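Colleague: Following this message is one structure expressed as structure tokens.
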Amino acid sequence: MDMKVLVVGGGGREHAITRALSCNSGVRIFSVMARKNPGIARLAERVLLEKETNIPKIIRFATENGLDAAVIGPEAPLEAGIVDRLEAAGIPCVGPTRAAARIETDKAFCRRLMERHGIAGCPEYRVYHDPEEARRFIEAYDGDLAVKPIGLTGGKGVRVMGEHVDAAGAVEYVRQIGGEVVLEERLLGEEFTLQAFVDGKHLVPMPLVQDHKRAYEGDVGPNTGGMGSYSLPDHMLPFVSRADYEKALRIMEDTVAAMQDEGTPYRGILYGQFMNTRDGPKVIEFNARFGDPEAMNVLSLLESDFSEIVRHIIGGDLAPSHVRFAHKATVCKYLVPEGYPEAPMAREPLTLGDYGDALLYYANVEERDGTLYTQTSRTLAFVGRGETLDEAEAIAEKAASSVSGRVFHRRDIGTRELLEKRCQHMKEIA
Ligand code: AMP
Ligand code: GLY
């Protein structure tokens, strides 16, 4: 039976969502994106080029085309209430309501929810609405803090003391952003991402992934949206023990239960960003959507029919038997414009080479008269899949290096050396 699915968003993550859905030839894709993503456009039956937060236009497009379901990629439309409005129009969604999306869009809500329900893994934190009060706390606090704007920042709004700023810099940053902040203890450890499908009640986890936020090789340079990521054939990471994994999963399940308890059930993709510390996993943040690039790792491994998973999420009867991932390693490498993230070289032409067995996901790239051009954000992603990490890395690296133009990527993502460094770091912390 045909299923007409709306995919909202036009980045690499949404290309991965679209590709996964279109593995089933009975799925017809309808896309809404602000700018034309050539990869999505090729797979879609119809495209509406429109801001992803222009909800009235999107509702009209969805109802006119008689769509059966929607999958929401980015956070901005969630915050704008797209799910509430689509569902009111009779179109069920994979994505939380505006109230449930607060788990991501309101960092203070997230911490207070964890505290109210006694959920493990919540760092010490304080919420401030006034820069002077925040300053007093920072100056009196014995240790380093992470400074987080309460609202959405596109993943680039956190300043960590001892990493990006000192105490004076933290105070200055709080002033700059107007004093609406969560201050929390700086967590030390290794980060990992646990994503899950959630139907309001049941949660089914996806393979663990590690993202790389820093722009340059060796984890230096400014923070970015994520330069690339990897996952392993056993769906675990060597610096996360089975017990730590179980704890992280439990934190996610408890969070879903808490949301249901409070009358704002969570339906969609729940993304847990964890810091594995010497005291086990702590929550850095939750996101109300797939990660970008992490979506590309997991969706490239999905063996079950994504549209069936969508049906079960919507139907509220999601079970582990509906979700199967290949036991392979993945490495995702993003190509970004030279100068990214601070001064990206936009409108530069690119030429694709022979990218072999890698999967290519288009992101913030323009296609004009058959030529690809960079824009200001992440450009293209390649995913290598292999029996081992080395194999997957070699495929992704070869593909990324085959592109010519004013772009760069991190050659170290997915290498043995970097993985060993991560394991060593975890040992030092313990
Ligand atoms: P976010 O925008 O919340 O994903 O945070 C961006 C990055 O800031 C994270 O990936 C972490 O590396 C770092 N970060 C956030 N919160 C903390 C924390 N409490 N302690 C240490 N690092 C943090
Ligand atoms: N990769 C981090 C994010 O999607 O927020």
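Colleague: Examine region 49-66 for a residue that is part of a strand (DSSP E or B) and over 20 Å from the mean Cα position of the chain (by Cα), and state whether such a residue exists.
Modeller: yes
Colleague: Among the residues in region 211-221, are any crowded, with 23+ Cβ neighbours inside 10 Å, within 11 Å of ligand 1 (Cβ to nearest atom) and over 22 Å from SER321 (Cα atoms)?
Modeller: yes
Colleague: Given (1) away from ligand 1 (no atom under 16 Å from the Cβ); (2) small (Gly, Ala, Ser); (3) touching a residue at least 60 places away in the same chain (Cβ under 8 Å), where does ALA243 come up short, assuming only one miss?
Modeller: Going through (1) away from ligand 1 (no atom under 16 Å from the Cβ); (2) small (Gly, Ala, Ser); (3) touching a residue at least 60 places away in the same chain (Cβ under 8 Å) one by one, ALA243 breaks only (3).
Colleague: Could you check how many residues of region 253-301 are touching a residue at least 24 places away in the same chain (Cβ under 8 Å) and either within 16 Å of ligand 1 (Cβ to nearest atom) or more than 25 Å from VAL83 (Cα to Cα) (or both)?
Modeller: So the answer is 30.
Colleague: Please list, ordered by residue number, the strands (runs of 3 or more DSSP E) wholly in region 143-248 having 3 or more residues that are within 15 Å of ligand 2 (Cβ to nearest atom) and touching a strand residue (DSSP E or B) at 6+ places or on another chain (Cβ under 9 Å). Don't jump to the end; show me each part of the working.
Modeller: Numbers: elements: 145-149, 181-185, 190-199, 203-205, 214-216, 220-223, 228-231.
Strands (runs of 3 or more DSSP E) meeting the threshold: 190-199, 228-231.
Colleague: Contact list please: Cβ distance under 8 Å, first residue in region 388-408 and closer than 21 Å to MET345 by Cβ, second residue of a type in the set (Asp, Glu) and outside any strand (DSSP E or B), pairs at least six apart or on different chains.
Modeller: SER402/ASP354; GLY405/GLU348; ARG406/GLU338; ARG406/GLU348; VAL407/GLU338; VAL407/GLU348; PHE408/GLU338
Colleague: Need at least 1 residues that are acidic (Asp, Glu) per element, so show me which strands (runs of 3 or more DSSP E) inside region 347-417 make the cut, counting only ones lying wholly within it.
Modeller: On the way: elements: 349-351, 359-362, 365-368, 371-374, 380-386.
Here the list reads 365-368.
Colleague: Let me ask something additional. Is region 141-152 home to any residue that is over 22 Å from GLY225 (Cα atoms) and buried (at least 19 other Cβ atoms within 10 Å of the Cβ)?
Modeller: Kept after step one, since they are over 22 Å from GLY225 (Cα atoms), are these residues of region 141-152: 141-144.
Applying the additional criterion that residues be buried (at least 19 other Cβ atoms within 10 Å of the Cβ) yields none.
Looking through region 141-152, none of the residues is over 22 Å from GLY225 (Cα atoms) and buried (at least 19 other Cβ atoms within 10 Å of the Cβ).
Colleague: So, one more: Could you tell me whether region 124-138 includes any residue that is within 16 Å of ligand 2 (Cβ to nearest atom) and touching an Asp or Glu at 6+ places or on another chain (Cβ under 9 Å)?
Modeller: No, region 124-138 contains no residue that is within 16 Å of ligand 2 (Cβ to nearest atom) and touching an Asp or Glu at 6+ places or on another chain (Cβ under 9 Å).
Colleague: Does THR277 count as in contact with a Gly (Cβ under 6 Å, 6 or more places away or on another chain) and polar (S, T, N, Q)? Working first, answer last.
Modeller: Values: in contact with a Gly (Cβ under 6 Å, 6 or more places away or on another chain): yes; polar (S, T, N, Q): yes.
So THR277 fits the description; yes.
Colleague: Select from region 84-108 the residues that are assigned to a loop (DSSP other than H, G, I, E, B), of a type outside the set (Val, Ile, Thr) and more than 17 Å from HIS312 (Cα to Cα) and write down the one among them that is farthest from ligand 1 (Cβ to nearest atom).
Modeller: If we take residues in region 84-108 being assigned to a loop (DSSP other than H, G, I, E, B), of a type outside the set (Val, Ile, Thr) and more than 17 Å from HIS312 (Cα to Cα), then ALA89 is farthest from ligand 1 (Cβ to nearest atom).
Every number here is computed from the coordinates shown, using simple stated rules; none is lab data. Quick caveat, the model's predicted, so the values are computed rather than measured. When we count neighbours, we look across all protein chains shown, and the Cβ atoms used for this are built from the backbone with ideal geometry, even at glycine.
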